[in-house]
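Here's the structure, in structure tokens; my notes come after.
The values are calculated or read from the model by the stated rules, or taken from the named source; none is laboratory data. Owing to the predicted nature of the structure, the values given are computational and were not obtained by experimental measurement. Here the Cβ positions follow ideal geometry from the backbone for every residue, glycine too, while neighbour counts run over all protein chains shown.
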């Protein structure tokens, strides 16, 4: 990717996407705003990290948004397959925390 898209003017972009869910057993599902639906719905939300330069763009990382009430209920997390090491974090924190190589980049989003 660096060879094809690398640029000193590149930026990292944080975006979130929600998937409407009708049940509650899926990891991280709760009544929350979903941009996909345009309203508050039972949904699962992910934080996505993109890289963009004048040469193009690419998705470089992603993380499931685990709502605070989920993060505080370890049994529920385990039942949904969420590791014990996963903690609550805001969506921008999620995008930045999983990628230590992001230091020095400009951020958008």
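The table for this structure:
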item: Selection within the range 31-58 - on the phi > 0 side of the Ramachandran plot and under 17 Å from the mean Cα position of the chain (by Cα); result: none
item: In the range 42-63, the residues that are surrounded by 15 or more Cβ atoms within 10 Å (Cβ to Cβ) and within 14 Å of residue 16 (Cβ to Cβ); result: 43, 44, 45, 46, 47, 48, 49, 50, 61, 62, 63
item: Filter result for residue 99 (at pLDDT 85 or above and touching a strand residue (DSSP E or B) at 6+ places or on another chain (Cβ under 8 Å)); result: no
item: Filter result for the condition that a residue is crowded, with 18+ Cβ neighbours inside 10 Å and without any contact (Cβ under 8 Å) to a residue 24 or more places away in the chain, over 20, 29, 66; result: 29
item: Sole exception among (1) in a loop (DSSP other than H, G, I, E, B); (2) free of Cβ contacts under 8 Å to residues at least 24 places away in the same chain for residue 93, by number; result: (1)
